[in-house]
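Have a look at the structure below before the remarks.
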Amino acid sequence: MEKKYYKIEDVSIKTGLTKRAIRYYEDLNLISPKRTDSGYRLYTDEDIEKIQKIISLKDSLGFSLSEIKEALELDKNVKDILSGEVADAETIDNYAKLIEKQIELIEEKNKKLLMAKQKFEELLLNLSKLKQKSKEADTI
């Protein structure tokens, strides 16, 4: 099956990012689009999926771009090993430790999100109580 390529304008529309943000992700080596002979960037569906994954990690989970870069590199390296790339036991152990650190980071971010959620739920409850008091005062 032939790969389909997209120009940066198309990727911008599909992802909701500005062209500047997409180029910035490339500058950080988060994505690596192909280049034509004249220097135009060409993106694949895989590039778009990767950008959407970056957006999700950044916006939904609060990962920094450097944390995202580490996670993407780790994911790629482990997939290479699992697909048959030769690796010694020490290398495998090192990657296992890095994955454990990623899990700890995600758990830490999850705790922070849960705390933020609890605070907003408390505020919502307090607003609801205030609204109820206001209604009661109007009926007196």
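The values are calculated or read from the model by the stated rules, or taken from the named source; none is laboratory data. Bear in mind that the values here come from a model prediction, so they are computed numbers and not experimental data. Cβ sites come from the backbone with ideal geometry, for glycine too, and all protein chains shown count toward neighbours.
When ILE51, ILE81 are screened for being within 27 Å of GLU108 (Cβ to Cβ), at pLDDT 95 or above and surrounded by 13 or more Cβ atoms within 10 Å (Cβ to Cβ), only ILE51 passes.
The set of residues from segment 16-43 being surrounded by fewer than 16 Cβ atoms within 10 Å (Cβ to Cβ), touching a strand residue (DSSP E or B) at 6+ places or on another chain (Cβ under 8 Å) and assigned to a loop (DSSP other than H, G, I, E, B) comprises just one member, THR36.
Mind checking which residues of segment 44-98 are in a helix (DSSP H, G or I) and over 23 Å from TYR25 (Cβ atoms)? Answer for segment 44-98, where residues must be in a helix (DSSP H, G or I) and over 23 Å from TYR25 (Cβ atoms): ILE81, LEU82, ALA89, GLU90, THR91, ILE92, ASP93, ASN94, TYR95, ALA96, LYS97. Filtering segment 1-46 down to residues that are of a type in the set (Asp, Glu) and under 18 Å from the mean Cα position of the chain (by Cα), which residue is farthest from LEU72 (Cα to Cα)? Among residues in segment 1-46 that are of a type in the set (Asp, Glu) and under 18 Å from the mean Cα position of the chain (by Cα), the one farthest from LEU72 (Cα to Cα) is ASP45.
Filtered by the rule that a residue be without any contact (Cβ under 8 Å) to a residue 40 or more places away in the chain and closer than 26 Å to ILE51 by Cα, segment 71-84 gives ALA71, GLU73, LEU74, ASP75, LYS76, ASN77, VAL78, LYS79, ASP80, ILE81, LEU82, SER83. For segment 107-120, the set of residues classified as modelled with pLDDT under 90 and among the aliphatic types (A, V, I, L, M) consists of LEU113 only.
When LEU65 is tested against (1) in contact with a helix residue (DSSP H, G or I) (Cβ under 9 Å, 6 or more places away or on another chain); (2) within 29 Å of GLU2 (Cα to Cα), exactly one condition is not met: (2). Considering ASP80, ASP75, ASP88, which residue is within 14 Å of the chain's Cα centre (by Cα) and outside the structural domain of TYR6 (by TED's automatic domain parsing)? Criteria check complete, one pass: ASP75. Remark: pairs (first residue in segment 24-41, assigned by TED's automatic domain parsing to the domain that holds LYS3; second residue among the aromatic types (Phe, Trp, Tyr) and crowded, with 16+ Cβ neighbours inside 10 Å; Cβ separation under 6 Å; 6+ apart in sequence or on different chains) = ILE31/TYR25; PRO33/TYR43. Using the structure shown, decide if LEU74 is surrounded by fewer than 16 Cβ atoms within 10 Å (Cβ to Cβ) and either over 17 Å from GLU104 (Cα atoms) or modelled with pLDDT under 90 (or both). When the stated conditions are applied, LEU74 does not pass them.
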